[in-house]
Amino acid sequence: MAKRVQLRQRLSIAAGVLILVVAGFVFFQNDGQGPVINGETNLQAIAELQKNPRDWSKKTGAEGQVLENPNEACAQLYSVEEDYAQALNCFTELVNSGKGDIESQYYIGNCHFKLGNYTAALKNFKQVADSGQLEPDSPESKQLEWNMLVTEVLTAENPGDYLDEVSQLLQNPGYKYYMEAERLSKLLSPSADQ
């Protein structure tokens with residue numbers, strides 16, 4: 001009887017160790033993001049690569065005086081309170097009242113993104129990009145391009161189709177979002193789906 005109990009204990013310990021080894025393999029195989037289920041890309045990990053809007057430069061008038069930024073109160077809802085639904089309503093009201101600007105439109109896209117409305121986010125990001133109101137090499141423009149890419153990947157039927165575009169970004173070690181692009185490349189590579 002004592003030998004049976006001892007055998008059961010040993011088998012339980014061996015089973016526990018085996019489970020830990022398998023779980024560790026799956027965890028590290030997918031770069032810490034947990035298992036890829038049914039060969040699907042880990043969309044949550046991709047969504048986490050999105051960048052929150054940075055502080056836009058102060059708005060100045062004709063004579064160099066600093067103007068009040070109409071987006072400040074809405075940006076508080078977004079950044080500090082992380083109430084994306086309220087922030088979306090706030091920015092939308094600004095735009096509809098004629099007080100909003102290109103920054104408001106960009107925030108609307110980011111609110112949609114945070115709420116998981118990727119198609120609406122992409123539409124807003126494209127409106128901002130097509131407006132021609134951002135300097136091509138400005139930090140805001142670079143961030144918009146990155147967030148558009150992440151959103152396009154999330155709305156794509158086959159996210160892996162963007163691997164070549166991400167690889168192109170990695171050709172430039174000075175690229176502002178190099179680390180994020182490297183992470184995205186790993187998430188999109190075929191080896192991550194195994």
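Find the Cα radius of gyration of the range 112-151, compare it with 2.2 N^0.38 Å by division, and give the number to two decimals.
Cα Rg divided by the expected 2.2 N^0.38 Å: 1.12.
Which value in nm describes the separation of the simple spin-label points at Gln6 and Asn69, placed 7 Å from the Cα toward the beta carbon?
My value for the distance between the label points is 7.2 nm.
Translational diffusion coefficient, Stokes-Einstein: compute it for the range 134-183 using the Kirkwood radius over C-alpha pairs as Rh, at 25 °C and 0.890 mPa s, and state it as an integer in µm² s⁻¹. Provide the component values of the computation, followed by the final result.
On the way: Rh = 11.5 Å.
Calculated translational D: 214 µm²/s.
For an R0 of 22 angstrom, estimate the FRET efficiency from the Cβ-Cβ distance between Leu115 and Asp161 and round to the nearest 0.05.
With R0 = 22 Å, the Cβ-Cβ based efficiency is 0.30.
Among 140-152, 79-91, 172-184, what's the highest-first ranking by average C-beta atoms within 10 angstrom per residue?
The most tightly packed comes first, giving 140-152, 79-91, 172-184.
Order of 119-125, 6-12 by packing, highest average Cβ count within 10 Å first?
119-125, 6-12
Show me, for the range 92-97, the HN-Hα J-couplings you get by feeding each phi into the Karplus relation (A = 6.51, B = -1.76, C = 1.60, θ = phi - 60°), rounded to Hz, glycine and proline as x.
5, 4, 4, 5, 5, 7
Work out Dmax and Rg for the range 71-194 from the C-alpha atoms and quote the Rg first, both in angstrom.
Just the Cα atoms of the range 71-194 yield Rg and Dmax of 15.7, 51 Å.
No lab work stands behind these numbers, since they all come straight from the coordinates. Values in this document were obtained by computation on a predicted structure and should not be read as measured data. Neighbour counts are summed over all protein chains in view; Cβ atoms, including those assigned to glycine, are modelled from backbone coordinates with ideal geometry.
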